1. If I build a Gaussian network model for chain A, linking alpha-carbon pairs within less than 10 angstrom, which residue out of A:Gly387, A:Gly224, A:Gly112 has the largest mean-square fluctuation?
2. Answer with one residue from A:Ile170, A:Ile372, A:Val152: the one whose Cα lies farthest towards the positive end of the charge dipole of chain A, charges on Cβ with Lys, Arg +1 and Asp, Glu -1.
3. Under a point-charge model restricted to the Cβ atoms of Lys and Arg (+1) and Asp and Glu (-1), what is the dipole moment magnitude of the protein assembly as shown relative to its Cα centre, in debye to the nearest 20?
4. Per residue Cα convex hull volume for segment B:141-236, in cubic angstrom?
5. Counting Lys and Arg as +1 and Asp and Glu as -1, each charge on the Cβ, what is the dipole of segment B:93-162 about the Cα centre in debye, to the nearest 20?
6. Taking every DSSP beta bridge that has both residues in segment A:59-229, what percent is antiparallel when rounded to the nearest 5?
7. Give the angle, between 0 and 90 degrees and rounded to the nearest 10, that separates the Cα long axis of helix A:17-54 from the longest principal axis of the Cα atoms of chain A.
8. Report Rg(Cα)/(2.2 N^0.38 Å) for segment A:76-174, keeping two decimals.
Amino acid sequence: MIATLLGEAWQAMLANRLRTFLTALGITIGVAAVVLMVAIGQGTQQKVIGTINSMGANLLIVNSASARSGGVRSGMGGMPTLTLGDVAAIHELAPTLYASPISTGFVQLVYGPNNWNTSALGVNTEYLELRDWRVERGRSFSESDISSATRVVILGQKVVENLFDSEDPIGQVIRVKGQPFTVIGVLSQKGQSMDGRDQDDSIIVPVTTAQRQLLGGPFRTAVGMIMVQAESSASLNSLERQITELLRQRHHIREKAENDFGVTNMTSVAETASEVTGMLSLLLGAIASISLFVGGIGIMNIMLVSVTERTREIGIRMAIGADRRTILTQFLLESIIITVTGGVIGILLGAGLATAIGKLAEIPVHVTAQPILLAFGVSVAVGVFFGLYPARKASRLRPIEALRFQ
Amino acid sequence: MSAVIQLDALSKDYFTDAGAVSVLKGVSLTISRGEFVAIMGPSGSGKSTLMNILGCLDIPSGGAYRLDGTDIGTLPESELARLRGQVIGFVFQGFNLLPRMSLGNNVALPLVYQHVGKSERLTRAADMLSRVGLGHLVDSLPTRISGGQQQRVAIARALVTRPSLILADEPTGNLDSHTGREIMELFQRINREQGITLVLVTHDMSVARYAQRLVYLKDGVLAYDGPVAEFQGVTA
Ligand SMILES: Nc1ncnc2c1ncn2[C@@H]1O[C@H](COP(=O)(O)OP(=O)(O)OP(=O)(O)O)[C@@H](O)[C@H]1O
Ligand SMILES: [Mg+2]
């Protein structure tokens with residue numbers, strides 16, 4: 001019986017091809033919009049989380065100067081309060097953990113006729129481990145590079161491209177802020193950082209060298225920030241408390257006074273970012289759902305017209321034995337077929353568009369099964385919801401009234 | 001002889017903007033199995049109203065209608081649908097075929113609602129079409145055939161569920177007299193050979209003569225009920 005009714009519903013739709021097409025189009029557009037928007041939202045979420053995670057796992061960042069807002073600051077704004085002594089103290093506190101100072105500044109590089117402006121990071125030997133960065137060619141710093149503040153430098157890929165034409169940079173001497181530095185290594189490619197900077201456009205030098213040779217003013221003795229890696233995400237919070245306590249002591253901060261430093265837990269930043277971008281997905285999906293809703297109203301409208309047009313037909317069917325439930329099922333099936341057909345096309349269209357946009361516009365998109373299944377379910381639900389009223393209307397007719405209808 | 005139809009003081013009122021109109025004013029009538037009854041009467045006398053109630057397409061306002069002994073006034077709509085599908089076959093003046101469906105599917109449609117399987121539906125429909133002389137038109141559309149042929153298809157559709165009662169409201173009303181005679185001969189055969197009870201409405205005395213019994217309705221009451229042959233007309 002259902003098979004027969006399906007066949008009849010299909011016939012009825014074919015009898016009104018253009019109308020069926022336009023009605024289904026409303027659903028197609030709605031579903032495509034939902035799939036596309038959610039793909040963009042989820043793509044953004046993935047990218048943001050990916051970039052945060054690419055900083056390294058389970059990181060705490062201690063900022064020089066107070067960071068009451070909890071945001072990540074470069075430490076170049078206020079007076080830097082952190083020192084290499086602080087780094088050493090943190091090491092004593094937790095000898096097994098990685099901790100590195102980071103002092104940054106912009107420097108001019110010259111090699112032969114080429115020059116380039118980039119940011120220099122003054123760090124210690126543990127920095128590369130912290131960030132999970134690799135030296136592609138050459139070597140990393142040694143402890144003696146740090147202790148004796150040797151003029152050695154590790155270059156990012158972008159810097160290599162701009163400074164060297166085809167020769168091997170390892171062992172060459174470049175000028176950094178006018179002073180000769182020996183290139184000992186080249187970093188592997190890393191891409192953009194969380195704040196959109198090109199991470200390949202930087203050089204790394206021993207923090208001591210940076211303090212003495214490259215950075216002026218207070219950074220001769222202080223460091224901009226300290227990055228610490230906890231063993232696990234579970235120990236992050238206690239480590240954060242310990243470091244705060246330690247630095248308060250070292251900086252002689254009184255009982256009620258505010259910290260002159262800030263500790264940022266990158267895992268909680270990642271969680272917040274994930275929440276925010278999750279909200280973005282939801283919001284985009286919700287906005288797109290409006291068009292799905294409008295498509296549903298289109299279905300209802302057309303089904304009402306169809307019921308009215310076919311009142312006599314309904315009367316005839318009732319006169320030869322169709323009961324109310326069968327009439328209800330017939331019209332409900334029609335609206336479900338329209339929405340499901342429209343929905344499936346919409347899913348294909350949305351996923352296709354998302355993929356195309358991802359390729360052409362470099363917007364991060366991520367097509368997942370979840371919104372697709374959801375959109376499919378929703379289009380069935382839309383068919384039932386908006387088809388139910390017209391179908392009930394059809395099934396509630398008295399046979400004789402339906403038959404008399406002109 | 002068991003009664004197929006038993007009407008007891010049946011009445012029907014319509015409620016319009018102009019107020020209530022009494023169309024049937026207490027009709028009592030018993031029709032036995034295998035009878036062939038013609039209903040006549042002036043226009044507006046309530047013939048169609050009566051037929052629609054007999055066919056369970058409409059419900060009476062008062063009195064009782066027993067179909068095969070069951071008081072239909074107590075039945076829910078789903079039961080009425082079952083009666084329409086299994087016990088009654090209705091033939092309309094305007095044929096009422098579904099225009100986009102082939103003749104075969106039109107005839108098979110009532111069987112869909114009786115949950116008959118597809119292959120059996122199609123063989124029974126084809127068989128029934130052959131019996132009304134249209135076996136060669138199974139795949140044609142209703143819009144491509146003549147009125148007389150359409151009415152044959154409608155009769156085949158009414159018969160396909162093997163009902164015990166056929167109701168026909170002016171089945172020859174839209175046909176010329178020659179075609180009308182063919183349809184009436186078909187009805188007569190159905191009545192005689194299959195013993196199906198037949199009630200039909202007509203304005204045409206020559207059509208009524210195919211029946212055995214004549215019921216004359218006037219202003220919603222019975223003015224004559226007896227053998228066709230003895231009907232002398234009704235005085236105003
Ligand atoms: N749905 C309705 N609402 C109001 N009045 C109605 C309705 N249906 C029929 N009537 C009235 O009931 C009366 C009987 O109608 P009915 O159709 O039964 O007559 P009939 O005997 O079949 O006439 P005809 O020979 O012209 O077909 C008419 O006066 C008609 O106007
Ligand atoms: Mg009539």
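The values are calculated or read from the model by the stated rules, or taken from the named source; none is laboratory data. None of these values were measured; they are calculated from a predicted model. Glycine also receives a Cβ, built like all others from the backbone with ideal geometry; neighbour counts cover every protein chain displayed. What goes into the accessible areas is simple: the full protein's heavy atoms, side chains included, and nothing from ligands, DNA or RNA. Shrake-Rupley method; radii C 1.70, N 1.55, O 1.52, S 1.80 Å.
1. In this elastic network of chain A, the residue with the biggest mean-square fluctuation among A:Gly387, A:Gly224, A:Gly112 is A:Gly112.
2. Farthest towards the positive end: A:Ile372.
3. 1120
4. Hull volume over Cα atoms, normalised by residue count, gives 119 Å³.
5. Approximately 60 debye in magnitude.
6. Roughly 80 percent of the beta bridges in segment A:59-229 run antiparallel, per DSSP.
7. Long axis of A:17-54 versus the principal axis of chain A: about 20 degrees.
8. Cα Rg divided by the expected 2.2 N^0.38 Å: 1.22.
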